[in-house]
Amino acid sequence: MAGKSSTITAVDAHIGQRMQLRRTMMGLSQKDLAKICGVTFQQIQKYESAGNRISASRLFELSLALQTPISFFYSGLPGNIPEETRANRSLRVSEQQACDPLSKNESLLLINLYWKLPNDGQRKIVLNMLKSLNGLDQ
């Protein structure tokens, strides 16, 4: 059941971040997603920040609204989830976000702008420029 959790687990934080990532990639605001799901935008904020845990049925609804399989929310989790969850019970969202470049607004903006380029040729130019700047010249 979704409800206020006194301790944010690494799994809760990860699922919230993946939800925010998918919502952003689809160009939806929290208000848009809330309307689709029949909840308040504050509830979406709480899910994304792991302030409230997401129930199985709500995660299913979110996967439909975000047009992605439920497995998307779990992608990237460590191999031994139960042990990892126990070991990181005190992990806060901000600590995990600091380590995850995809949780940064600049990364999401870059990805969105990249895919808005009108053709593959322009995307290749940008990709080659980034490779060159990082010393990964071909």
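The values are calculated or read from the model by the stated rules, or taken from the named source; none is laboratory data. Only a predicted model underlies this, so the values are computations on that prediction, with no experimental measurement involved. Quick reminder, even Gly has a Cβ in these numbers, built from the backbone with ideal geometry, and neighbours come from all protein chains shown. Surface accessibility is based on the protein's heavy atoms, side chains included, excluding ligands, DNA and RNA. Shrake-Rupley method; radii C 1.70, N 1.55, O 1.52, S 1.80 Å.
A few points about this structure:
- Test result for residue 86, part of a helix (DSSP H, G or I) and at pLDDT 90 or above: no
- Index of the failed condition, residue 108 passing every other in (1) within 21 Å of residue 28 (Cβ to Cβ); (2) at pLDDT 85 or above; (3) not in a loop (DSSP other than H, G, I, E, B): (2)
- Meets criteria (of a type in the set (Ser, Thr, Tyr) and modelled with pLDDT of 80 or more) for residue 103: no
- Residue that is least open to solvent (accessible area, probe 1.4 Å) [pool: residues in the stretch 45-70 that are out of contact with any Ser or Thr (no Cβ under 8 Å at 6 or more places or on another chain) and of a type in the set (Lys, Arg)]: 58
- One residue stands out among those in the stretch 27-42 that are in contact (Cβ under 8 Å) with a residue 24 or more places away in the chain and part of a helix (DSSP H, G or I): the one that is least open to solvent (accessible area, probe 1.4 Å), which is 33.
- Inside the stretch 5-26, residues that are closer than 18 Å to residue 68 by Cα, surrounded by 20 or more Cβ atoms within 10 Å (Cβ to Cβ) and either of a type in the set (S, T, N, Q) or touching an Asp or Glu at 6+ places or on another chain (Cβ under 7 Å) (or both) make up a count of 4.
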